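One structure is given here, and the rest of the page talks about it.
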Amino acid sequence: MSAVTDAVRITAPTNPVTQSIRDSLVVAKRNLIRMSRIPEMVIFGLIQPIMFVVLFSYVFGGSMNIGGTTDPGVYREFLMAGIFAQTVTFATAGAGAGIADDMHKGLIDRFRSLPMARGAVLTGRTLADLVQTALTLFVLAVVALLVGWRTHTSFGEVLGAFGLLLLTGYAFTWIGAVIGLSVRTPEAATSGGLIWLFPVTFVSNAFVDSAQMTPWLRHVADWNPFSATVQACRQLFGNPGVSTSDAWPMQHPVWASLIYSILIIAIFRTLAVRKYRSATA
Amino acid sequence: MPGAIYAEGLVKTFGDVRALDGVDLDVPEGTVLGLLGPNGAGKTTTVRCLTTLLRPDSGKAVVAGLDVLKQPNEVRRSIGLSGQFAAVDEYLTGRENIQMVGQLYQMKAKAAKARAEELLEQFHLADAADRPAKTYSGGMRRRLDLAAALVVSPPVMFMDEPTTGLDPRNRQQLWEVIKQLVLGGTTLLLTTQYLEEADHLAHDIAVVDHGRVIARGTSDQLKARTGGERVEVVVHEREHIPTAREVLAGFGKGETTVEEHTRKLTVPVTGGAKLLAEVIRELDVRGIEIDDIGLRRPTLDDVFLSLTGHVAEVKDDENGANGANGANGAAAKPVKDPKNAKDRGQKKETTQ
């Protein structure tokens, strides 16, 4: 069968790691082209957090007690770390919907029939989402500066905070990938990707000082992986309202955030790749 | 020596539904096998097992000389798959779609680009190459999907219902493309619900029903199994049916069947055109006015009916091009078979 050997020759096997990276980048590029052709999706993704900034700072601003003061300016600085963190986690829904859409349209079948790295379709998607998250975060930071948010630390610390935010967002998109591979329609992936994020982001230190919660709820909030990222950002930005709770993640928020994110990636990437391998449209 | 596509005793169950119940196939290199069967017969499941998308519960499968279960990644290098739905990214242009698939077949970016150019030309998509696939018609998307599946000129191709949902013109065009492909030496397994399509494109046909191959052979061999030719007459006046029946009985080699509502009489014959002329003369002598008369060879519909006891049903909601299949539709008489109908309902193949 000479035709077979011909086909093998043009597609000579390469090092699996290089192949995996290359394939992921090809898929990431595809998803970025896609996103650039549906700009309304990117724009809606931006409007939502901006709306949250405006609503929370001006509606709740005067009535929130942060560190013993109800000064709306203090609340605004307190709020931003929470909004940033919530925004990056919302990328979950986009990743889930995108992957569910690919399943629905038969693209996952096509990819699975190609001699490509197994996790590359999912890694490519999550990487593209990471780029989008970075863009959203940038615009949001500009808006935050406009409404009076300031950092009071070194450039390196601020950069570190944004790094943690991106890592958190990236971790959460893997949860989205699992959701996207588990549901039947992209619509279900969008709502399924968002619903659980509300309790996760609200039962936390993102919008209120967790010290004011009932003890059991405060406990949940203090150990919530999401709270660790918010606390770490507040600390690294030098913003008010850093929790004084003696829960370990609140005492070591940067480490906690890193560990949580890596754990989430390890668990949900494994689950997602396993699901992908047996995926049926 | 086993063919380019070989399967032995493929079994796949989903819950308590046995989607594949021991499928055997053997497709010699450079030939086309048409896998023919109704919805839920197991066609798509067979293709998914052979293309590494689904792991069979038991059985053996060899594609392009490679064991599908043991060397799935090597198999993927040697096959092209065009699924039931055009699997193209609608926000990417035609060119970008093909290039991406090429790169994922591990071609270098530059080579993938050059190959995309070639394929766009070959599949008459050059003018639309830089438009998002979203703007393509159904036929164009199908062609794009096929082009993507052919990026590395794989020696073995699988096409799952390639023309489902296409209008007659686009179907003809796609048939031409497929014929060209086969002339180039590609081994092809094609599934279809259209008997006409299998007749047209395939060297060999395997009829599947309830997860089993229930008959195989060339189109002619299968037709021969349902008996030889027959004369069909449609009389103008209903009251002429008894007389016409008498006439036909005189020429026939078997029982004459009558469809009252269409005024159609059918009788098996031997003797070909000469006999037909005699039948016409005799009917004329008896003063029977006829609307239509002809010598018919059995269609694959007849084959299907005689093999399975039910017609190959095509669901209306699944394909808008049903009308295009008028020839088949006319031959398909609803045969009530409650047992089959029930099984079919449970055995819903992945069509979403």
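The values are calculated or read from the model by the stated rules, or taken from the named source; none is laboratory data. This one's a predicted model, so the numbers in the text were calculated from it and none came from an experiment. Cβ atoms come from the backbone with ideal geometry, glycine included; neighbour counts cover every protein chain shown. What goes into the accessible areas is simple: the full protein's heavy atoms, side chains included, and nothing from ligands, DNA or RNA. Shrake-Rupley method; radii C 1.70, N 1.55, O 1.52, S 1.80 Å.
One line per residue, one yes/no per condition, for (1) outside any strand (DSSP E or B); (2) at pLDDT below 95; (3) in contact with a helix residue (DSSP H, G or I) (Cβ under 9 Å, 6 or more places away or on another chain); (4) surrounded by fewer than 23 Cβ atoms within 10 Å (Cβ to Cβ):
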site: B:Gly22; (1), (2), (3), (4): no, yes, no, yes
site: B:Gly30; (1), (2), (3), (4): yes, yes, yes, yes
site: B:Gly40; (1), (2), (3), (4): yes, yes, yes, no
site: B:Arg55; (1), (2), (3), (4): yes, yes, yes, yes
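Which condition number in (1) in contact with a helix residue (DSSP H, G or I) (Cβ under 6 Å, 6 or more places away or on another chain); (2) within 23 Å of A:Pro115 (Cα to Cα) is the one that B:Gly185 fails? (1) is the only condition that B:Gly185 fails. Scanning region B:78-93 for residues that are farther than 19 Å from B:Leu190 by Cα, facing chain A (nearest Cβ under 7 Å) and either outside any loop (DSSP other than H, G, I, E, B) or not hydroxyl-bearing (Ser, Thr, Tyr) (or both) yields a total of 2. With respect to (1) of a type outside the set (Asp, Glu); (2) assigned to a helix (DSSP H, G or I); (3) surrounded by 24 or more Cβ atoms within 10 Å (Cβ to Cβ), the lone exception for A:Ala188 is condition (3). In the set (1) free of Cβ contacts under 8 Å to residues at least 40 places away in the same chain; (2) assigned to a helix (DSSP H, G or I), B:Asp130 fails one condition alone, (2). Do the conditions hold for A:Phe60, that is, is it in contact (Cβ under 8 Å) with a residue 60 or more places away in the chain, open to solvent by 70 Å² or more (accessible area, probe 1.4 Å), away from chain B (no Cβ under 14 Å) and part of a helix (DSSP H, G or I)? Considered against the rule, which asks whether it is in contact (Cβ under 8 Å) with a residue 60 or more places away in the chain, open to solvent by 70 Å² or more (accessible area, probe 1.4 Å), away from chain B (no Cβ under 14 Å) and part of a helix (DSSP H, G or I), A:Phe60 comes out as yes. All of B:Val75, B:Val62 fail the test of being buried (at least 20 other Cβ atoms within 10 Å of the Cβ) and more than 14 Å from B:Leu189 (Cα to Cα), apart from B:Val75. Filter region A:1-21 down to residues that are at the interface with chain B (Cβ under 8 Å from one of its Cβ atoms) and assigned to a helix (DSSP H, G or I) and give me whichever is modelled with the highest pLDDT. The residue in question is A:Gln19. The residue that is nearest to B:Ile290 (Cα to Cα), counting only those in region B:270-279 that are at pLDDT below 85 and either surrounded by 13 or more Cβ atoms within 10 Å (Cβ to Cβ) or in contact with a Leu (Cβ under 8 Å, 6 or more places away or on another chain) (or both), is B:Ala273.
Scanning region A:245-281 for residues that are within 14 Å of chain B (Cβ to nearest Cβ), among the small types (Gly, Ala, Ser) and in contact (Cβ under 8 Å) with a residue 12 or more places away in the chain yields A:Ala279, A:Ala281. Among the residues of region B:57-70, write down those that are touching a residue at least 60 places away in the same chain (Cβ under 8 Å) and part of a strand (DSSP E or B). Those that are touching a residue at least 60 places away in the same chain (Cβ under 8 Å) and part of a strand (DSSP E or B): B:Val62, B:Val63. Mind listing just one residue for me: the one in region B:112-123 that is over 11 Å from B:Gly94 (Cβ atoms) and touching a helix residue (DSSP H, G or I) at 6+ places or on another chain (Cβ under 7 Å) and, of those, surrounded by the fewest Cβ atoms within 10 Å (Cβ to Cβ)? Across region B:112-123, the extreme among qualifying residues is B:Lys113.
All conditions in (1) under 12 Å from the mean Cα position of the chain (by Cα); (2) assigned to a helix (DSSP H, G or I) hold for B:Thr191, with the sole exception of (2). Candidates B:Leu265, B:Leu222, B:Leu248: the one that is part of a helix (DSSP H, G or I), surrounded by 17 or more Cβ atoms within 10 Å (Cβ to Cβ) and modelled with pLDDT of 85 or more is B:Leu248. Among residues of region B:94-107 being open to solvent by 10 Å² or more (accessible area, probe 1.4 Å) and not in a helix (DSSP H, G or I), the one that is farthest from the other protein chains (Cβ to nearest Cβ) is B:Met107. Does A:Arg118 qualify as being modelled with pLDDT under 95 and within 14 Å of another protein chain (Cβ to nearest Cβ)? It is true that A:Arg118 is modelled with pLDDT under 95 and within 14 Å of another protein chain (Cβ to nearest Cβ).
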